[in-house]
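These notes concern the structure reproduced below.
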Amino acid sequence: MKAKILIDNCFGGFGYKRVAGVLLMGLMLGVSSAFGAMEQKEAESLRSYSSNKKKILVLVSKGGACHLSAFRSRQSFLGDEYDMRGLDLVECLSCLDPINRVTCGGFDGEKLYNLFLQKGWTRLTSYLVENGAPSLMKSNYEEIKKGIMNLLELERPDLLLSIIPFFNFPACKAAEALGIPFLIVTLETDLTNWLAGMDRGITHPSYAITTWSNLEFTRNQLASARIPHDRVFNIGFPLREGFMQKNVEKFNKKIICRNFGITDLESNKFTIMLLMGGAGSGAMYDYVRRIGAMELNVHLIVCVGRNEELAQKLKRLQPQLRVSMTVVPSTDDIAQLMSLSDLFITKTGPGSINEAVQMNLPMILDATDTVLTWERPNIEFVEQNDYGWALRNLDDLEGMIKSFIMNKNYYECIKKNFYNKQPYIFDTALKDLIARLIYEQKNQMESDSYWRGYSLSS
C-alpha cells in the first residue's frame with residue numbers, strides 16, 4: 001500500500017507528544033475511514049489523467065457532519081468539469097492514533113468527537129483544542145508538511161482544496177513547493193483554527209480563502225494573519241443541494257406533510273422545528289419537555305438524527321393537548337422540513353444556521369450550556385443580522401417563543417431581515433475561483449491584473 005508506506009515513513013515514531021497529538025487531532029477533526037481504499041488511489045489517479053478533467057484533491061473530515069456535507073454537495077455541482085477526490089487527512093495519520101490501535105479499529109477519534117458533543121461535553125472539547133492544538137501543529141509542522149507533500153506527489157492534483165481547519169498552513173506550504181494552487185473554503189466565522197500558523201507568512205503565488213460572513217471579528221482575524229484583501233472572497237456557505245432555490249420552489253407542503261405523517265390539523269399550527277446536530281443532543285429532551293408543558297397551540301418537528309435512545313425517550317413524553325409532535329430520525333430532507341416551519345431551534349453550528357438563513361426561517365440558538373469556542377461568533381452573526389436570538393437560560397424559552405407567536409409585527413420584522421441577505425453565489429463563485437487559481441498557477445501571472453469580485457473588502 002504505497003500511500004500508507006509514504007505516510008508511515010514520514011510520521012514514524014510514537015513519542016508522548018505524538019500520541020497526545022493524534023488524540024487531539026481525532027477530537028478536532030475526527031479519525032474515520034477515507035473515501036476510498038488507499039490501494040485503489042494509484043489506479044484511480046491514472047484513470048483520471050486519461051480524461052480531460054482537471055483533478056481537485058479535497059481535504060475533508062467526518063468529525064461532525066459539516067465538512068463531509070460540504071464536500072458531497074460540491075461533488076454534484078463540479079463533477080462535470082472536475083475530478084474531485086476527498087481525502088481524510090487525519091485518516092492518513094491513523095498510524096499515530098492510539099485509540100484506533102488500542103481498540104483494533106473498533107473506536108476512533110471521529111466517534112469520540114461525536115460522543116463528546118452528544119454528551120454535551122463542549123467545555124472539555126474546547127479546552128483540549130484551544131490548549132493542545134497550537135503547540136501540536138507547531139511542533140509537528142515539518143513532518144505534517146512532508147506527509148502532505150508525499151500525498152500530493154502521489155495524487156498529482158491540479159488544485160488542492162481544504163475544507164478543514166488546523167492543517168492549512170503546512171498544506172499551503174506543501175502545495176507551494178510542488179507548484180499546486182491552494183484554496184481554503186472556511187466553514188466558521190471564527191477563523192482561529194483555519195489560519196493557524198499563517199501569520200508566519202504565506203508566499204504561495206496562487207492561493208485564496210473564502211468566507212461566509214462579513215463580521216468585523218472575521219476581518220480582524222484575517223488582517224492579523226497578514227492575508228491580503230485580494231486573496232479573501234466572501235462567497236457564502238456551501239449549502240446542500242436540497243436548499244437550492246430551484247429545488248425549494250418545487251416543494252409541495254401537502255406532499256411533504258404526508259411523507260412525514262403530519263396531519264392537516266398539525267400543519268396549520270405554528271410549527272417549531274428542533275435540530276441539534278447529526279448525532280442528536282441530550283439538550284433536545286429538555287427543550288421538548290419545556291415546550292410540551294406550555295399552553296401553546298404549536299406543532300413540534302423534532303429531528304433526532306441517529307440518536308435512537310433520544311427518539312424513544314421523546315415518544316414517551318405526554319405534552320399538553322394543544323402541543324403535537326413529529327419525531328424525525330436521520331434524514332436528508334431538512335430543507336423540506338424547514339419549509340413547513342415557522343421557528344427553528346438549533347445549536348450554534350454554521351451549517352444549520354446558514355440553511356435556516358437560506359430558508360428565511362427565524363431561529364433560536366441554543367447557548368444554555370458552554371458553546372464551542374469557534375462557534376461563539378456565529379451567535380453574533382445571527383443577532384447582528386436580526387435573524388433571531390441566542391437562548392442562554394431555559395427559563396427564558398417560553399417568553400422567547402411567545403414573542404415570535406403572539407407579536408406578529410415582531411415576527412414579520414424578523415422575516416423581512418432575510419430579504420437583505422447576500423444572494424446565494426457560492427457555487428458559481430467557487431467554480432470561478434478554481435478556474436482562476438489553476439490559470440494563475442499555470443501562467444505564473446500577477447494576480448492584480450484579473451482578480452475581480454467577491455472580495456471581502458468590497
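The values are calculated or read from the model by the stated rules, or taken from the named source; none is laboratory data. The structure presented is a predicted model; accordingly, all values stated were derived computationally and were not measured. FYI the Cβ positions are ideal-geometry reconstructions off the backbone, even for glycines, and counts take in every protein chain you see.
Data overview
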{"quantity": "Odd one out for Lys415 among (1) in the same structural domain as Asn234 (by TED's automatic domain parsing); (2) at pLDDT 95 or above", "calculated": "(1)"}
{"quantity": "Residue tally, condition charged (D, E, K, R), part of a loop (DSSP other than H, G, I, E, B) and touching a residue at least 60 places away in the same chain (Cβ under 8 Å), over the stretch 316-360", "calculated": "4"}
{"quantity": "Some residue of the stretch 299-309 being over 28 Å from the mean Cα position of the chain (by Cα), modelled with pLDDT of 90 or more and of a type outside the set (Lys, Arg)", "calculated": "yes"}
{"quantity": "Qualifying residue in the stretch 170-180 (condition: crowded, with 21+ Cβ neighbours inside 10 Å and not in a helix (DSSP H, G or I))", "calculated": "yes"}
{"quantity": "Residue that is in contact with a strand residue (DSSP E or B) (Cβ under 9 Å, 6 or more places away or on another chain), among the aromatic types (Phe, Trp, Tyr) and under 26 Å from Thr186 (Cα atoms), where the choices are Tyr387, Tyr419", "calculated": "Tyr387"}
{"quantity": "The one condition in (1) surrounded by 12 or more Cβ atoms within 10 Å (Cβ to Cβ); (2) of a type in the set (A, V, I, L, M, F, W, C); (3) out of contact with any helix residue (DSSP H, G or I) (no Cβ under 8 Å at 6 or more places or on another chain) that Met406 fails to fulfil", "calculated": "(1)"}
{"quantity": "Failed item, numbered, when Pro157 is tested on (1) within 24 Å of the chain's Cα centre (by Cα); (2) assigned to a loop (DSSP other than H, G, I, E, B); (3) modelled with pLDDT under 95", "calculated": "(3)"}
{"quantity": "Total residues in the stretch 328-359, condition β-branched (Val, Ile, Thr), surrounded by fewer than 19 Cβ atoms within 10 Å (Cβ to Cβ) and at pLDDT 95 or above", "calculated": "0"}
{"quantity": "Single condition Phe404 does not satisfy, out of (1) in a helix (DSSP H, G or I); (2) at pLDDT 95 or above; (3) within 29 Å of Lys119 (Cβ to Cβ)", "calculated": "(3)"}
{"quantity": "Conditions (1) surrounded by fewer than 18 Cβ atoms within 10 Å (Cβ to Cβ); (2) touching a Leu at 6+ places or on another chain (Cβ under 8 Å); (3) charged (D, E, K, R): number failed by Asp199", "calculated": "(2)"}
{"quantity": "Residue ranges of helices (runs of 4 or more DSSP H) in the stretch 217-315 with at least 2 members surrounded by 14 or more Cβ atoms within 10 Å (Cβ to Cβ)", "calculated": "253-259, 264-267, 283-292, 308-315"}
{"quantity": "Yes/no for Leu187 being in the same structural domain as Arg72 (by TED's automatic domain parsing), at pLDDT 95 or above and not in a helix (DSSP H, G or I)", "calculated": "no"}
{"quantity": "Residue identified as among the acidic types (Asp, Glu), modelled with pLDDT under 75, assigned by TED's automatic domain parsing to the domain that holds Pro170 and within 22 Å of Asp190 (Cα to Cα) among Glu130, Glu110", "calculated": "Glu110"}
